[in-house]
Each structure stands twice: as structure tokens, then as C-alpha cells.
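These notes are about the structure you will find just below.
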Amino acid sequence: MLDRILTVRVDRITRLTSEVAAFEFVHPWGGTLPGYRAGAHIDVHLPGGFVRPYSLAWAPQGASATRYVIGVKREPASRGGSASLHERVRKGDLLAISTPRNTFPLHPEAAHHLLLAGGIGLTPLLAMAQQLACDGAAFTLCVFARSRAHLAFAGELAALTPSIRLHVDDPAAPQKLDLASLLAHRPEGTHLYLCGPAGFMQAALAHAAHWPDEAVHLEYFAPPDNAADAGHDEPFVLVLARRGLEVKVAADQTAVEALHELGIDVSTSCEQGVCGTCVVGWQDGERGGTPDQSATERRTQVALCCSRAKSGVLTIDL
Ligand code: FES
């Protein structure tokens, strides 16, 4: 769970909308950066001591990369991450980042890829769409935005025509997409990928409830309102199966904090169950406390920053 930390230089900052800016990072001395796969994200260490995960917005370039691009929306209720980037980071600054990590990969076995992006949730799906276009794979990218003025990466999206469908809320706009109709029928072999705000994700998941779990893939960039569910605030026992250890997690502690007390290092980033930095394999015990995931992820993963045992004991692959 220890990531390699890289130093990158901020090469360009481009304002994409009134709220969103693209930050481009390069190797500080002109070298190359580690390659990644579409859907990957990096943890960015920000002024003020914040560490935040951001998806990489452009398709991978192969075994190595010449630049990483992230799209960051300045959130009005920012806890420090987006505000720190927008207000304190300037061209030429050096930043520490993690190597790319991918918890939201494409599934090459899909006959068709349906990518649904809400707002700045577009970033990982843009990388996926560019990759699929490059590979000649069948895909549709549906982008939901408040208005054309709120649409980030508009130039990159235009280059993906005709596989793009755009929905804007602006009542005067002719384009409207209906989530219910989009998801009512699942063409054989289609995989669905979702990224966007919690309300958008919940609505899409409700309309895709009849899709098989293994064909639905999610990435949250903020936890849904119901992320902390039953089991929170109760002490529990965390069983580390590979170490043969039982760790008591107090009611006011996270599993990460309990493990750190024992000297067991666990990297964290979002601390909200969203980024996947602290995820380990699940073995036994019902868990709660994290945002909705696909049933497959729920069965196989535990986010140590916020997962808790619902019935007293949680066994993990650690
Ligand atoms: S630190 Fe992001 S999921 Fe745990």
C-alpha cells in the first residue's frame, strides 16, 4: 500500500470554464513519467498539507507518459483540495504526486462501452473515450452539463464526434438526454461506466438496477450523502488474515488509525472511501461506511479509511 512519490512541475494551467481548470504536470527535468491506463488517478500533495486524488483526463500514451493532465473544479464547499489548487498552485511550481493508480479500468471484453459523465466526472471517462477511439472500440460517451458554458474539455469532446452525446440542462438547449431511456435496455455485452456527483450516480444506478453487477463500473469523486451507513460509531475487530492479527478499532477510530497505532503503514488520500488508495481485499464480515460500489467491489474490497464492520468483525486480506 506504499505508493512511489514523484516530483512534477506544473507546466500549464488552462481555464476551461468559470469553475474548472486543467493542470498539466511534466517531469521537472524533461524526463518521462510512468505510464498509466485510462481511468487511472494520481494523488496530488497540495500546499496546506492536503492530499487529493484526481483522475487523469487524457488517454495514456504507452509505457511512459510525457505529461499528466487533471481537470479540477473549484468546489464552493472545498475542504482545501480544489481551493488549494486553484488559488495557490502556479505554473512552474513543483508538486509531489503519487504514481498513477487505476481502480476504474476499462473492461476490454465489452462489446460496447456506455460512458456516462456528470460534470467534472468527465475526466476519467474522457481518457477512456480517447483510448477506445484510438483502439477502434465501440463506445458512446454521454456528457451531462449544466450548460455549454459549464462544459470542460469541449475541444477534446468535439474530436470524439460522432461517439459523443451531450446533455445540457439549459432549458433553451435542444439537446436533452433521458437517463431512464438510456438505461432501460442493455444491449448484449454492453458495459456501463459512471462518474459524476452523488445525485447523478444515484439516479443512474437506480435506472440501471436491472443491469448485471459485473457490467456496471463506478467512480465517485465525492462521497454520496448516505456514505456513512449502519455500523458507524460502533467498535469492531479487524482481523488481518495474512498476519494472523486481531486489531481492535474503537468507536471513534478508523481502521487506518488503529493500524497506524500498531505501526502498520496504510497510505490514504481522500479519506472518504472514494479514491481507492487504502483499499485492501475483503475476506469475511459484512461491512458498511463506504459509498455504494458495484456488488462485485462490495464483495471483494474494503476501504480502510472508512469501512466498518456491521456485525462486529471484519476480516481482510492483510
Ligand atoms: S483514502 Fe481514499 S478510499 Fe480510503
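Here, each number is a calculation from the coordinates, and none is a lab measurement. All values reported here derive from a predicted model rather than from experimental measurement. In this analysis, Cβ positions are derived from the backbone assuming ideal geometry, glycine residues included, and neighbour counts consider all displayed protein chains.
Structure notes:
- Compactness of the range 6-141 is given as radius of gyration and Dmax, 14.9, 45 Å, from Cα positions.
- Packing-based order for 32-43, 130-141, 157-168, using average beta carbon neighbours within 10 Å, highest first: 32-43, 130-141, 157-168
- Projecting label points 7 angstrom from Cα along Cα→Cβ for SER147 and GLN283 puts them 5.6 nm apart.
- DSSP assigns beta bridges within the chain; of those with both partners inside it, close to 60 percent run antiparallel.
- Expected 222 nm ellipticity per residue - DSSP helices of 4 or more, -39500 (n - 2.57), all of the chain, to 500: -4500 deg cm²/dmol
- Farthest positive-ward along the range 236-317 dipole, Cα basis, beta-carbon charges - from ALA258, SER307, CYS270: SER307
- Bridgeable lysines around LYS248 (alpha carbons under 21 Å apart, same-chain partners fewer than 8 residues away excluded): LYS310.
- Partner lysines whose Cα lies under 19 Å from the Cα of LYS91, excluding those fewer than 8 positions away in the same chain, are identified as LYS73.
- Relative intensity, log₁₀ I(q)/I(0), of the chain from a Debye sum that treats every alpha carbon as a point, q = 0.08, 0.14, 0.16 Å⁻¹: -0.37, -1.14, -1.41
- Of all stretches in the chain that contain no GluC sites (Glu not before Pro) in a DSSP loop with at most 11 other Cβ atoms within 10 Å, the longest one is 189-318.
- The range 112-220 - Rg (one decimal) and Dmax (whole number), Cα, Å: 13.1, 38
- Estimated from the Cβ-Cβ distance and a Förster radius of 25 angstrom, the FRET efficiency linking SER181 and HIS112 is about 0.95.
- Spin-label pair ASP169/ARG243, simplified geometry with 7 Å Cα→Cβ offset, distance in nm: 4.5 nm
- Translational diffusion of the range 236-317 was estimated from the Stokes-Einstein equation, with Rh taken as the Kirkwood radius over Cα pairs; at 20 °C and 1.002 mPa s the coefficient is 172 µm²/s.
- Estimated dipole of the range 112-220 in Debye, rounded to 20 [Cβ of Lys and Arg +1, of Asp and Glu -1, Cα centre]: 300 debye
- Computed from label points 7 Å out along Cα-Cβ, the spacing between THR14 and ARG74 is 1.9 nm.
- Ascending count of other beta-carbon atoms within 10 Å, so fewest first, for THR7, THR123: THR7, THR123
- The chain: relative contact order in percent, alpha carbon pairs under 8 Å with at least 6 residues between: 15 percent
- Taking other Cβ atoms within 10 Å as a rough exposure proxy, ILE264, ILE5, ILE120 sort from fewest to most as ILE5, ILE264, ILE120.
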